[in-house]
Amino acid sequence: MNQPTEFPCPETCPNRKATGLDLFGWHVDPLELVLHGMILICLGIPAARASVKEDFGIEQGLKWLTAIAGASTLIRMSPTDRIDAYLKLSGKG
């Protein structure tokens, strides 16, 4: 008997790989891309505005950089592909 080497995930499986983009060797799903855009809007724009002030120093720059890098890392490590797959399967996404 021939056994399949890989078991297909059924339609109701929330761990299905979501469709997305491959950027620089990383797979980025649409929900993650939207969240990174929100980081750019919510943290990047205020950081750019603060950076043109005269009293802006290295300490403030490091705080902004740490906030942006921390939020990006948190999103990158979150299971957004599972959330996106679940929303597609449930008909809400």
Original post:
Can you run phi through the Karplus equation (6.51, -1.76, 1.60; θ = phi - 60°) for segment 50-61 and list ³J(HN,Hα) in whole Hz, with x for Gly and Pro?
Top reply: 5, 6, 8, 6, 5, 8, 6, x, 5, 4, 5, x
**OP:** Could you rank ILE83, ILE75 by how accessible they are, 1.4 Å probe, largest area first?
**Re:** ILE83, ILE75
Original post:
What order, most packed first, do the peptides 52-64, 24-36 have when packing is the mean number of other Cβ atoms within 10 Å of each residue?
Top reply: 24-36, 52-64
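The values are calculated or read from the model by the stated rules, or taken from the named source; none is laboratory data. Here the structure is a predicted model, which is why all the values come from computation and not from measurement. Cβ coordinates were reconstructed from backbone atoms using ideal geometry, including for glycine residues, and neighbour counts include every protein chain displayed. Areas reflect the complete protein model, heavy atoms only, side chains present, ligands, DNA and RNA absent. Shrake-Rupley method; radii C 1.70, N 1.55, O 1.52, S 1.80 Å.
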